[in-house]
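**Q** Supplied in structure tokens, the structure appears directly below.
The values are calculated or read from the model by the stated rules, or taken from the named source; none is laboratory data. Note that this is a predicted model, so its numbers are computed, not measured. Virtual Cβ from ideal backbone geometry, glycine too; neighbours counted across all protein chains shown.
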Amino acid sequence: MIRGQPRRGPRIARGRRRSTWAAQVEKRPPVSKRAICAGKSRVLNKVLGESGAIRSQRKVIFQLTNTFPAMPYVAVHASSSFLPPGLFWVLFILVLLFSLYAQYKVSSAYGKNSQVPSRGGITGREAAEAVMHRAGIDDVEITETDGHLTDHYDPMHKRLVLSSENYRGTSLAALGVAAHESGHAIQHKVGYKMLDFRMALVPATQIVSQVIPFLILASYFLVRGLSGMMLDVAIICYAVLTLFQLITLPVEFDATRRAKVQLVELGILDRDEMPGVNETLDAAALTYVAAFIGSLLMLLRLISSRRD
């Protein structure tokens, strides 16, 4: 909080138990914050637009497999294509560099702010509980899981899953991630249309993510690369992935916006602690942008080849 400004409520003593925190939440406003969902899967893999795979309907979060190069081989002729090979490779390199930069930013920002403890000493679990409590959500289970940045909200089972480092952590990064995931729970409760749209796309995305690796493999065994019906199938698959990644942008940005507001209003973080949170969440947002741009580039390349 900026010096000279009155606090919105009594400060939560450091190290208080969750029960104490939950009791006091009744008397104070809630909070939330933009978290780094983007770090859930490596940007480089996402940007290359490869075999984007939805982990599962329960997680409603896609992760792309580690297949490189993930570009199906297609014959593209500069004379008739709106995206000739030379231009494509220039754009590809630019997108690749942007994806590497985004991955570096999210890794460094999270690593830096995960070492900065919040003044209130609230854990990620407590922050998530407080944010959802203020929104009137009391039917979502908060659980702990292994792994690094494996945090997600499961709308099918109404379960908010936090990695151990964020579930138990009291750092700025941990609170941001927890509040961000709570933002998804709030979206689910209020019927946020873009989240519903993304959930509806999950089954189709799961299917195409299983088909794409076979198309990529087949393209290197065919003399002319992908053509005809196989090329059409590849275009449809990448179109579904690109649409999914496009819809993901407003969903993640909105969850972050909700989270940031709640973190301050609930008093979980002071205003002068927010720069660390903003740095982490803004870096995470870049990874989603990079994923969409990369997938769109692959789709345009396939469509360009189809026009030959």
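**Q** Among all residue pairs at least 6 apart or on different chains, which show Cβ distances below 8 Å where the first residue, located in region 127-149, is within 16 Å of Ala179 (Cβ to Cβ) and the second is among the acidic types (Asp, Glu) and part of a helix (DSSP H, G or I)?
**A** Ala128/Glu181; Ile142/Glu129
**Q** As an exercise: evaluate Ala173 against (1) under 14 Å from the mean Cα position of the chain (by Cα); (2) surrounded by 19 or more Cβ atoms within 10 Å (Cβ to Cβ) and give the number of the one condition it does not meet.
**A** (1)
**Q** Here's something else I'd like to know. Name the pairs: first residue in region 283-308 and of a type in the set (Phe, Trp, Tyr), second residue part of a helix (DSSP H, G or I), Cβ to Cβ under 6 Å, at least 6 apart or on different chains?
**A** Tyr288/Ala38; Tyr288/Thr248; Tyr288/Leu249; Tyr288/Glu252; Phe292/Gln245; Phe292/Leu246
**Q** As an exercise: evaluate Gln206 against (1) modelled with pLDDT of 90 or more; (2) out of contact with any strand residue (DSSP E or B) (no Cβ under 6 Å at 6 or more places or on another chain) and give the number of the one condition it does not meet.
**A** Just one mismatch for Gln206, condition (2).
**Q** For Gly294, work out the one condition from (1) within 20 Å of the chain's Cα centre (by Cα); (2) of a type in the set (Gly, Ala, Ser); (3) closer than 20 Å to Ser118 by Cβ it doesn't fulfil.
**A** All conditions pass for Gly294, except number (3).
**Q** Does Ile207 qualify as being surrounded by fewer than 14 Cβ atoms within 10 Å (Cβ to Cβ), in contact with a helix residue (DSSP H, G or I) (Cβ under 9 Å, 6 or more places away or on another chain) and closer than 30 Å to Ser305 by Cβ?
**A** yes
**Q** Could you pull out the residue among Leu149, Leu162 that is modelled with pLDDT of 95 or more and surrounded by 16 or more Cβ atoms within 10 Å (Cβ to Cβ)?
**A** Checking each option against the conditions leaves just Leu162.
**Q** Do you know which residues across region 158-205 are of a type in the set (A, V, I, L, M), part of a helix (DSSP H, G or I) and either free of Cβ contacts under 8 Å to residues at least 12 places away in the same chain or farther than 22 Å from Asp270 by Cβ (or both)?
**A** Hits for region 158-205 are Ala185, Ile186, Val190, Met194, Leu195, Met199, Ala200, Leu201, Val202, Ala204.
**Q** Could you tell me how many of the residues in region 124-141 are crowded, with 20+ Cβ neighbours inside 10 Å and more than 15 Å from Ala259 (Cα to Cα)?
**A** 1
**Q** Looking only at region 252-283, which residues are crowded, with 24+ Cβ neighbours inside 10 Å and assigned to a loop (DSSP other than H, G, I, E, B)?
**A** Across region 252-283, the qualifying residues are Leu266, Ile268, Leu269.
**Q** Of the residues that sit in region 91-131 and are among the polar types (S, T, N, Q) and part of a helix (DSSP H, G or I), which one is farthest from Ile293 (Cα to Cα)?
**A** My answer is Asn113.
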